[in-house]
Amino acid sequence: MSNSKVSLPVIRRLPRYFRYITELKASGKTRVSSSQLAIFMGSTPSQVRQDFNCFGGFGQQGIGYSVDLLYDEIEHLLFPNNHIDAVLIGAGSLGATIANFVLTETEGVNLKAIFDNNPNIIGKNMSNIKIFDVNTLVNYCKENKPDLIIICIPKSGAEELAPIIVETGVKGLWNFSHYDFSVYDKSLIVENVHLRDSLMALSYRINHVEEE
């Protein structure tokens with residue numbers, strides 16, 4: 001499959017496809033049509049076929065798609081090495097929530113360590129994962145080579161740690177801090193999560209429902 005020029009919108013739709021196909025697989029379904037997938041995605045059968053054609057296509061016209069094949073192929077696209085190793089910075093309330101989510105609700109991500117600067121919790125466990133001093137982050141990453149750092153600290157703390165985070169050599173950041181890490185390294189792959197933006201967008205839609 002050739003996926004060297006897949007657009008970001010298509011990439012962002014893959015997890016939604018995977019979520020629905022996982023549900024179909026769990027329910028015992030063996031085949032699904034582009035029309036059925038389009039209903040779930042809120043798109044069109046043509047869009048579904050275009051998305052899948054970015055990766056070589058997964059079905060035959062008039063027959064639909066094998067659920068097992070779709071599951072295996074999309075899982076491989078999302079996690080080609082079966083899993084990615086992650087560490088998390090920030091053992092506060094947000095960090096605890098995200099750590100629990102990663103450990104219980106995600107597939108393919110292994111949370112290996114948590115880092116914080118609070119001496120009262122360093123050495124303890126959170127969600128059965130040991131909390132390390134953030135000052136040891138670079139050495140830990142160079143020794144253990146995680147793929148991903150999850151940032152669960154305020155923007156000011158993230159800005160202060162940015163040079164250190166870049167020095168770790170990780171490939172990507174799942175960033176809840178609202179700090180722009182591209183200032184230090186434009187090659188970093190960063191997925192920014194803005195919970196407040198999402199809430200404000202929802203508020204707008206609730207208050208302008210008639211206009212929609």
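The values are calculated or read from the model by the stated rules, or taken from the named source; none is laboratory data. Note that this is a predicted model, so its numbers are computed, not measured. All Cβ positions, glycine included, derive from the backbone under ideal geometry; neighbour counts span all protein chains shown. Quick note on the areas: whole protein, heavy atoms, side chains included, nothing else; ligands and nucleic acids left out. Shrake-Rupley method; radii C 1.70, N 1.55, O 1.52, S 1.80 Å.
Reported count of residues in region 1-58, each being assigned to a loop (DSSP other than H, G, I, E, B) and touching a helix residue (DSSP H, G or I) at 6+ places or on another chain (Cβ under 6 Å), is 5.
Checking Ala91 against (1) more than 13 Å from the chain's Cα centre (by Cα); (2) open to solvent by 80 Å² or more (accessible area, probe 1.4 Å), which single condition isn't satisfied? So Ala91 meets the others, but not (2).
Selection of region 69-98 for residues being closer than 17 Å to Ser34 by Cα and touching a helix residue (DSSP H, G or I) at 6+ places or on another chain (Cβ under 7 Å) yields Leu70, Tyr71, Ile74. In region 78-91, the residues that are in contact (Cβ under 8 Å) with a residue 24 or more places away in the chain reach residues that are part of a strand (DSSP E or B) and open to solvent by 50 Å² or more (accessible area, probe 1.4 Å) with C-beta atoms within less than 7 angstrom, at least six apart or across chains, in these pairs: His83/Asn110; Asp85/Asn110; Asp85/Lys112; Ala86/Asn110; Ala86/Lys112; Val87/Lys112.
Here is a yes/no grid of residues against (1) polar (S, T, N, Q); (2) more than 17 Å from Ala113 (Cα to Cα); (3) modelled with pLDDT of 95 or more; (4) surrounded by 15 or more Cβ atoms within 10 Å (Cβ to Cβ):
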residue: Ile151; (1), (2), (3), (4): no, no, yes, yes
residue: Asp185; (1), (2), (3), (4): no, yes, no, no
residue: Leu188; (1), (2), (3), (4): no, yes, no, yes
residue: Glu191; (1), (2), (3), (4): no, yes, no, no
residue: Leu199; (1), (2), (3), (4): no, yes, no, no
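Just checking, does region 23-38 include any residue being among the β-branched types (Val, Ile, Thr), under 17 Å from Val109 (Cβ atoms) and crowded, with 17+ Cβ neighbours inside 10 Å? No, region 23-38 has no match at all.
Residue-wise test of (1) more than 25 Å from Glu160 (Cβ to Cβ); (2) basic (Lys, Arg); (3) modelled with pLDDT under 90.
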position	(1), (2), (3)
Asn53	yes, no, no
Gln61	yes, no, yes
Asn81	yes, no, yes
Ile84	yes, no, no
Ser93	no, no, no
Thr97	no, no, no
Asn125	yes, no, no
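Do we find a residue being in contact with a Lys or Arg (Cβ under 7 Å, 6 or more places away or on another chain) and of a type in the set (Val, Ile, Thr) anywhere in region 137-156? No, region 137-156 has no match at all. Of all residues in region 104-118, those satisfying the criterion of being more than 21 Å from Tyr71 (Cα to Cα) and open to solvent by 60 Å² or more (accessible area, probe 1.4 Å) are Lys112, Asn117.
With respect to being farther than 11 Å from Tyr17 by Cβ, under 21 Å from the mean Cα position of the chain (by Cα), among the β-branched types (Val, Ile, Thr) and open to solvent by 40 Å² or more (accessible area, probe 1.4 Å), Thr44 falls outside the description.
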